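Working notes for the structure below.
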Amino acid sequence: MINVFQPSLGEEELDAVRAVFESNWIGKGAKVDEFERTFAAHLGVDAANVMSVTSCTEATFLAMELAGVGPGCEVVVPTVSFVSVANAVAAHGARPVFCDVDPRTLNPTAEHVEAALTSATKAVVVLHYGGHPGDIERIAALCRDRGLLLIEDAANAVASTAGGRACGTFGDFGVWSFDHGKIAVAVDGGILYARDPAHVERGRKLAYFGLEAFSGFSQAERSANRWWDIEVSEFGRRSIMNDVLAAVGCVQLRRLPDFLRRRGEIVARYDRELAGLPGLALPPRLPEGHVGSHYFYWVQMAADIRDDVAADLYRRGIYTTLRYPLLHKVRAYGADVRLPGAERAAATTLCLPLHQGLSDADVTAVVAALTETVTARSAREAS
Ligand SMILES: *Cc1c(COP(=O)(O)O)cnc(C)c1O
């Protein structure tokens, strides 16, 4: 089976894990620090603006908490988003208000976001679909003008930039994932960026029991005190990363440029070899000044053949998928809207296999199978 997503892990990661085992320090330590500092440098921000946690979902929950999202608030969320975002909004007692997206890019424009704003809107969340930055510059400007917080779910956009600026750093908060399905993995892990380093400082406490590192004591008391004494300033949880996973993450960040280069080659082959196939639309080109991460390669076709094409490919050993099922259709969120751009996209889009482990022969097989099935089905529809 050719997987749609797949991590690339090997000897280098095993060596890094072995070194952590041998150090006898497997908890949060030097490797977590290195992972955070390396990722901050990759983003082009100060290390004080970045912290790691156990997952991107946890980073998103933390962002909502630090942003003060709560009962009575509305948070605009593109309906093409991951459930983690809507859950984070709803779990804090706020209401996710779903906005439409462009049917070709699957990203919202500033107009889509604006149409969902009300006097109760507190924050706007955006995703960079498939790693394409989308309308992030205009959405950031809109949020600034309206005094709204901007939270970027940059889990698709580990290396995406717009106008030279890293996606995830346009707003007040940004979150990234290093789970099993991402380009660079830490087995599991998440990063939270906050524009205000005070949020990171508070976030670190919330992610570790709300422990106040002896600050409950005066200097005199501290020297007289036993080092195991504690003070709690907030009722926090425990969602810190550890050195075993961070060691894997550090190796993966080092390998990221190679991963991106290989993905770029695969994307170029799909672009070239699928171009002009009747009945098939390829991902829109990135606008000038935007750099993507090659996270998804999505093709679009008539709604009445999409599911059959996916089933055909599956029978031939090629796994495809749709990212992301529409959140306004998820009953638990209680939305009652029609979002025609997103509904069209959800009916016509299919994500093809895209990962750095694909061989040239794999890509050839995907192109051949897709060409055959789309040609046959489009011809049948036309006759
Ligand atoms: C993977 C992903 C998440 C969740 O990440 P975890 O680290 O598994 O919590 C959230 N949002 C998007 C867009 C993702 O792709």
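The values are calculated or read from the model by the stated rules, or taken from the named source; none is laboratory data. Just so it is clear, the model here is predicted, and its values are computed rather than measured. We place every Cβ from the backbone using ideal geometry, glycine too, and count neighbours over all the protein chains shown.
Structure values in brief
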{"read-out": "Test: residue in the range 183-204 that is in the same structural domain as Ala41 (by TED's automatic domain parsing), under 18 Å from Thr54 (Cα atoms) and acidic (Asp, Glu)", "value": "yes"}
{"read-out": "Residues satisfying the stated conditions in the range 159-169, i.e. within 16 Å of the ligand (Cβ to nearest atom) and either touching a strand residue (DSSP E or B) at 6+ places or on another chain (Cβ under 7 Å) or in the same structural domain as Gly289 (by TED's automatic domain parsing) (or both)", "value": "Ser160, Cys167, Gly168"}
{"read-out": "Top-ranked residue in the range 171-216 [being within 10 Å of the ligand (Cβ to nearest atom) and more than 14 Å from Ala157 (Cα to Cα); ranked as surrounded by the fewest Cβ atoms within 10 Å (Cβ to Cβ)]", "value": "His180"}
{"read-out": "Which listed residue is among the polar types (S, T, N, Q), more than 30 Å from Ala302 (Cβ to Cβ) and surrounded by fewer than 21 Cβ atoms within 10 Å (Cβ to Cβ), from Ser84, Ser52", "value": "Ser84"}
{"read-out": "The lone exception for Val20 - which of (1) in a helix (DSSP H, G or I); (2) under 25 Å from Arg263 (Cβ atoms) it fails", "value": "(2)"}
{"read-out": "Residues that are in contact with a strand residue (DSSP E or B) (Cβ under 7 Å, 6 or more places away or on another chain) and closer than 21 Å to Lys182 by Cβ, drawn from the range 326-357", "value": "Leu327, Thr349, Leu350, Cys351, Leu352, Pro353, Leu354"}
{"read-out": "Residue match in the range 46-55 (condition: more than 16 Å from the ligand (Cβ to nearest atom), within 30 Å of Ala115 (Cβ to Cβ) and in contact with a strand residue (DSSP E or B) (Cβ under 8 Å, 6 or more places away or on another chain))", "value": "no"}
{"read-out": "Candidates Gly93, Gly168, filtered to the one that is surrounded by 24 or more Cβ atoms within 10 Å (Cβ to Cβ) and not in a strand (DSSP E or B)", "value": "Gly168"}
{"read-out": "Residues (touching a residue at least 24 places away in the same chain (Cβ under 8 Å) and within 27 Å of Ala116 (Cα to Cα)) located in the range 278-302", "value": "Pro283, Pro284, Leu286, His290, Gly292, Phe296, Trp298, Gln300"}
{"read-out": "Residue that is surrounded by the fewest Cβ atoms within 10 Å (Cβ to Cβ), among those in the range 288-331 that are of a type in the set (Ser, Thr, Tyr) and within 16 Å of the ligand (Cβ to nearest atom)", "value": "Thr321"}
{"read-out": "Tally of residues being away from the ligand (no atom under 16 Å from the Cβ) and in contact with a Ser or Thr (Cβ under 8 Å, 6 or more places away or on another chain) across the range 338-359", "value": "6"}
{"read-out": "Set Thr79, Thr60, Thr118, Thr109: member being touching a helix residue (DSSP H, G or I) at 6+ places or on another chain (Cβ under 8 Å) and away from the ligand (no atom under 16 Å from the Cβ)", "value": "Thr109"}
{"read-out": "Out of Val45, Val85, Val113, Val75, sole residue that is closer than 20 Å to Gly190 by Cβ and assigned to a helix (DSSP H, G or I)", "value": "Val85"}
{"read-out": "Test result for Val69, within 14 Å of the ligand (Cβ to nearest atom), closer than 22 Å to Ala332 by Cβ and modelled with pLDDT of 95 or more", "value": "no"}
{"read-out": "Output for the range 246-291, where each listed residue is in the same structural domain as Val53 (by TED's automatic domain parsing), of a type in the set (A, V, I, L, M, F, W, C) and touching a strand residue (DSSP E or B) at 6+ places or on another chain (Cβ under 9 Å)", "value": "Ala246"}
{"read-out": "All positions within the range 294-337 that are closer than 23 Å to Glu265 by Cβ and among the aromatic types (Phe, Trp, Tyr)", "value": "Tyr295, Phe296, Tyr297, Trp298, Tyr319"}
{"read-out": "Matching residues, the range 112-128, being in contact with a strand residue (DSSP E or B) (Cβ under 8 Å, 6 or more places away or on another chain) and closer than 23 Å to Arg338 by Cβ", "value": "His112, Val113, Ala115, Ala116, Leu117, Thr118, Ala120, Thr121, Val124, Val125, Val126, Leu127"}
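Yes or no, residue by residue, for (1) within 16 Å of Phe5 (Cβ to Cβ); (2) acidic (Asp, Glu); (3) free of Cβ contacts under 8 Å to residues at least 12 places away in the same chain; (4) in contact with a Gly (Cβ under 6 Å, 6 or more places away or on another chain):
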{"position": "Ile318", "(1), (2), (3), (4)": "yes, no, no, no"}
{"position": "Tyr324", "(1), (2), (3), (4)": "yes, no, no, no"}
{"position": "Leu327", "(1), (2), (3), (4)": "no, no, no, no"}
{"position": "Ala335", "(1), (2), (3), (4)": "no, no, no, no"}
{"position": "Gly341", "(1), (2), (3), (4)": "no, no, no, no"}
{"position": "Cys351", "(1), (2), (3), (4)": "yes, no, no, no"}
{"position": "Ala361", "(1), (2), (3), (4)": "no, no, yes, no"}
